[in-house]
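Notes to accompany the following structure.
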Amino acid sequence: MLNKGYLTCDRTSTGDECYTPFYAVDPIMKYLPKDKIVWLGFDEEWSAFYQKLSGGGYKVVRSSLKDGKDFFEYQPKEWDIFVSNPPFSLKDKVLERLYALGKPFVLLLPMNSLQGQKRFKYFENGIQLLCFDKRINYHTKSFISFDKGTPFASAYFCKDVLPKDLILEELCVYEKPLK
């Protein structure tokens, strides 16, 4: 059967507004050391990554364009691991910058990000994946509810974070009400 959802989804920069639900942060938290500083480079205070990690006892610094801190030009004075769900249309530029910075990272990206001539040069030297049994239903038009039926599978693409290169996990889906 043809995957019409994938073929018709918005894969341009206007489709970049895919916010991570709280339940999708849970699986990566167990692999992040609490004694390291996590930089959230595309996150507002209301983001699920910021809420879950800062509320879970992690040392977190965050930045965003709304704060006047462009990920491609800014980095905090101190940080150890980068974690985020970056704009999908910028994934090549994000990966290029993260590999240049040379520190561990965690990116929530569509699974089809594995393919690509620009990304190949980075991934051929090793990439770690945390994959799930089901698709993540991202928040898009409104952070209050999910847009069900996401047309693509997602995974955490990691460098020097996971204990092995491929980890498969069941994704526990729940909705957390916002405060």
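The values are calculated or read from the model by the stated rules, or taken from the named source; none is laboratory data. Just so it is clear, the model here is predicted, and its values are computed rather than measured. Note that we place each Cβ from the backbone using ideal geometry, even for glycine, and neighbour counts take in every protein chain shown. Keep in mind that these areas ignore ligands, DNA and RNA; they rest on the heavy atoms of the full protein, side chains included. Shrake-Rupley method; radii C 1.70, N 1.55, O 1.52, S 1.80 Å.
Sort through GLN115, GLN51 and tell me the only one that's among the polar types (S, T, N, Q), at negative phi and open to solvent by 70 Å² or more (accessible area, probe 1.4 Å).
GLN115
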Checklist line | Positions within segment 45-73 being modelled with pLDDT of 95 or more and of a type in the set (A, V, I, L, M), in sequence order | finding: LEU53, VAL60, VAL61
Notebook entry, point to check: Do you know which residues across segment 31-89 are touching a residue at least 60 places away in the same chain (Cβ under 8 Å), polar (S, T, N, Q) and under 18 Å from LYS103 (Cα atoms)?
Noted result: ASN85
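Kindly indicate the residue of segment 21-41 that is touching a Lys or Arg at 6+ places or on another chain (Cβ under 9 Å), within 24 Å of CYS172 (Cα to Cα) and assigned to a loop (DSSP other than H, G, I, E, B) and also modelled with the lowest pLDDT among those meeting that condition. Spell out how you get there, then give the answer.
In the first step, residues of segment 21-41 are kept if they are touching a Lys or Arg at 6+ places or on another chain (Cβ under 9 Å); the result is 21-23, 25-26, 29, 34-41.
Still in the running and within 24 Å of CYS172 (Cα to Cα): 21-23, 25-26, 29, 34, 38, 40.
Of the ones still in play, those that are also assigned to a loop (DSSP other than H, G, I, E, B) are 21, 25, 34.
Working: PRO21: 89, VAL25: 95, LYS34: 95.
Filtering first and then ranking leaves PRO21.
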Note to self: Out of everything in segment 94-112 that is open to solvent by 20 Å² or more (accessible area, probe 1.4 Å) and under 17 Å from LEU166 (Cα atoms), what residue ends up being modelled with the highest pLDDT?
What the structure shows: PRO104
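Any idea which residue in segment 73-88 is farthest from LYS30 (Cα to Cα), counting only those that are open to solvent by 60 Å² or more (accessible area, probe 1.4 Å) and not acidic (Asp, Glu)?
Of all residues in segment 73-88, those open to solvent by 60 Å² or more (accessible area, probe 1.4 Å) come to 73-75, 77-78.
Applying the additional criterion that residues be not acidic (Asp, Glu) yields 74-75, 77.
Values: TYR74: 27, GLN75: 25, LYS77: 25 Å.
Among them, the one singled out is TYR74.
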Item checked: Selection within segment 71-85 - within 23 Å of HIS139 (Cβ to Cβ) and out of contact with any strand residue (DSSP E or B) (no Cβ under 6 Å at 6 or more places or on another chain) -> PHE71
Note to self: For segment 55-68, which positions are open to solvent by 50 Å² or more (accessible area, probe 1.4 Å) and either among the hydroxyl-bearing types (Ser, Thr, Tyr) or under 18 Å from LYS91 (Cα atoms) (or both)?
What the structure shows: LEU65
